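The values are calculated or read from the model by the stated rules, or taken from the named source; none is laboratory data. What you are looking at is a predicted structure, and each value in this text was computed from that prediction instead of being measured. Note that each Cβ is placed from the backbone with ideal geometry, even for glycine, and that neighbours are counted across all protein chains shown.
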Amino acid sequence: MTKQILKRLSKQGFTLVELLVAMGISGVVMAGIYTVYYSQQKSYVAQEQMAAMQQNLRAAIYFMEREIRMAAYDPTRDADAAITIANVAELEFTKDENGDGDFTDTNEQIRYALTDDDDGDGIADGSPCHLGRETGGAGGLQAVAENIDALNFVYLDEDGSPTATLSEIRSIQITIVARADRVDPGYTDTNAYYNQQDLVNPILAAQNDGFRRKRLTTEVKCRNLGL
């Protein structure tokens, strides 16, 4: 008799209440797993964007430092190499790299500016906007670093004070602000970005959008200026 009862009960399966409880528990577990996965995925994407911006900026700064350090290089004193444009958002200089007495060869006349900055204030006027480099005074700006929101130059004399006189320039401070190539949902950039000199007036005001940004700044000693 007991065996018959147990056999009959074993064939009854789960009740509706038991199924509902099991489904509820499974739903909670799955929701927890998805939340953890989504959080980790979002963190990974953010870290990937920041790493890409960091690499982008470091490569650009390294490239600029190497070239700007050689501004006005003129071993024969015949080329009259010098800084020719020194604006807040545009830098142009010449150098006699091969020592032939002129700066007409490749990479001997260099200009840096943003590719989309019509008013010349160092802030991107549209998207995409890149850090641009022009050689030889022709051909237009070619992208050196992508997605640049701000470019700022500060020119210093031998005492380290800002100067607007070309002949007094001895070093140049460069500040670049880059942004990610896509919006990060749930993130708002409320930061303002400054150069090394003015901590009151930002070179890029808070944009209050969903793009992550990175600022990098450096000072380049121009070894050939003032010789």
Restricting to the range 168-177, name every residue that is surrounded by fewer than 22 Cβ atoms within 10 Å (Cβ to Cβ) and closer than 18 Å to L204 by Cβ.
Q173
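With respect to E146, determine if the residue is within 30 Å of A52 (Cα to Cα) and either in contact (Cβ under 8 Å) with a residue 40 or more places away in the chain or aromatic (F, W, Y) (or both).
Working: within 30 Å of A52 (Cα to Cα): yes; either in contact (Cβ under 8 Å) with a residue 40 or more places away in the chain or aromatic (F, W, Y) (or both): yes.
So E146 fits the description; yes.
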Can you name the residue in the range 180-202 that is modelled with pLDDT of 90 or more and of a type in the set (D, E) and, of all such residues, is farthest from L91 (Cα to Cα)?
D189
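Given the options I169, I174, I110, name the one that is closer than 21 Å to I85 by Cβ, under 19 Å from the mean Cα position of the chain (by Cα) and in contact (Cβ under 8 Å) with a residue 24 or more places away in the chain.
Step by step, each of I169, I174, I110 is checked, and only I174 is closer than 21 Å to I85 by Cβ, under 19 Å from the mean Cα position of the chain (by Cα) and in contact (Cβ under 8 Å) with a residue 24 or more places away in the chain.
Quick one: which residue in A150, A180 is more than 19 Å from M64 (Cα to Cα), surrounded by 21 or more Cβ atoms within 10 Å (Cβ to Cβ) and within 13 Å of the chain's Cα centre (by Cα)? Outline the logic, then answer.
Working: A150 fails: more than 19 Å from M64 (Cα to Cα).
Only one candidate qualifies: A180.
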If you take the residues of the range 57-92 that are among the acidic types (D, E) and under 17 Å from F103 (Cβ atoms), which of them is surrounded by the most Cβ atoms within 10 Å (Cβ to Cβ)?
D74
Going through the range 116-146 one residue at a time, which ones are surrounded by 12 or more Cβ atoms within 10 Å (Cβ to Cβ), closer than 18 Å to F93 by Cβ, out of contact with any Gly (no Cβ under 9 Å at 6 or more places or on another chain) and aliphatic (A, V, I, L, M)?
L131
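Quick check on my filter: what residues within the range 186-203 are free of Cβ contacts under 8 Å to residues at least 40 places away in the same chain, in a loop (DSSP other than H, G, I, E, B) and not aliphatic (A, V, I, L, M)? Step through it out loud before you land on a result.
First, pick out the residues of the range 186-203 that are free of Cβ contacts under 8 Å to residues at least 40 places away in the same chain: 188-192, 194, 198-202.
Filter once more, so that each one left must be in a loop (DSSP other than H, G, I, E, B): 188, 190-192, 194, 198-202.
Those that are free of Cβ contacts under 8 Å to residues at least 40 places away in the same chain, in a loop (DSSP other than H, G, I, E, B) and not aliphatic (A, V, I, L, M): T188, T190, N191, Y194, D198, N201, P202.
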The one condition N224 fails out of (1) surrounded by 14 or more Cβ atoms within 10 Å (Cβ to Cβ); (2) modelled with pLDDT of 95 or more; (3) not small (G, A, S) is (2)
A205 fails exactly one of (1) surrounded by fewer than 16 Cβ atoms within 10 Å (Cβ to Cβ); (2) at pLDDT below 95; (3) of a type in the set (A, V, I, L, M), namely (2)
